[in-house]
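Input: a single structure, listed below in structure tokens.
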Amino acid sequence: MRTHILGLGLCAALSLAAGARADDANTASAQPASASPGDRIVCHRLSHEGMLLRTAICKSQKDWDKDRQKREADFATVQYRSYSAPFGR
């Protein structure tokens, strides 16, 4: 009896995983041919610790680039402050 329940649970988990992989392949969105490269909508499937399911975040390429530049600037600021902090306190 336990092996049947375990087998059914395993089959259900595998079928859900296969569905999630299919969703990853369908992240491209239709855009008109006249859209500039920066206005193109790009979707990323993101997750973080504690999330059970990944969520799709769709932004223009310009917005993704701005977010990346902001993260890089914030990281550089943290590094700079850690080097300039007084030691021994």
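Descriptive notes on the structure:
- Virtual spin-label span in nm between residue 71 and residue 83, 7 Å along Cα→Cβ: 2.2 nm
- Ordering 61-72, 41-52 by mean Cβ neighbour count within 10 Å, with the highest value first, yields 61-72, 41-52.
Computed from the coordinates by the stated procedures, all read-outs in this text should not be read as laboratory data. Please read all numbers here as calculations on a predicted model, not as lab measurements. FYI the Cβ positions are ideal-geometry reconstructions off the backbone, even for glycines, and counts take in every protein chain you see.
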